[in-house]
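Before any comments, here is the structure.
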Amino acid sequence: MAENQEFETETMAGIYASQGHYRKAVDIYRRLLDAYPDRTDLKDKLLRIESKKKFEDENRLAAKFSE
């Protein structure tokens, strides 16, 4: 694991997600799933974050078109 990834934990991903940093949270969850592929709880959290990110991206795009 790279030095900057040593502190990438489920807790850190949750903090990023709660702050709206979905891309960072998704990246951490994906790396954790690479290491622990049987963790269905991580898969569920990843799916929830990805859907939030997609929703926000769509809203951001719609807002740009309405300007």
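Contact map, segment 9-29: first residue closer than 13 Å to L46 by Cα, second residue part of a loop (DSSP other than H, G, I, E, B), Cβ cut-off under 9 Å, separation 6 or more or different chains; pairs are E10/R39; A25/Q19; D27/E8; I28/E8; I28/T9. Among the residues of segment 46-64, those that are charged (D, E, K, R) and either at pLDDT 95 or above or open to solvent by 90 Å² or more (accessible area, probe 1.4 Å) (or both) comprise R48, K52, K54, E58, R60, K64.
The values are calculated or read from the model by the stated rules, or taken from the named source; none is laboratory data. Remember, predicted model here, so these are calculated numbers, not experimental data. Don't worry about glycine lacking a Cβ; one is built from the backbone with ideal geometry, like all the others, and counts go over all protein chains shown. The protein model used for the area step is the full one, side chains on, heavy atoms only, and it has no ligands, DNA or RNA in it. Shrake-Rupley method; radii C 1.70, N 1.55, O 1.52, S 1.80 Å.
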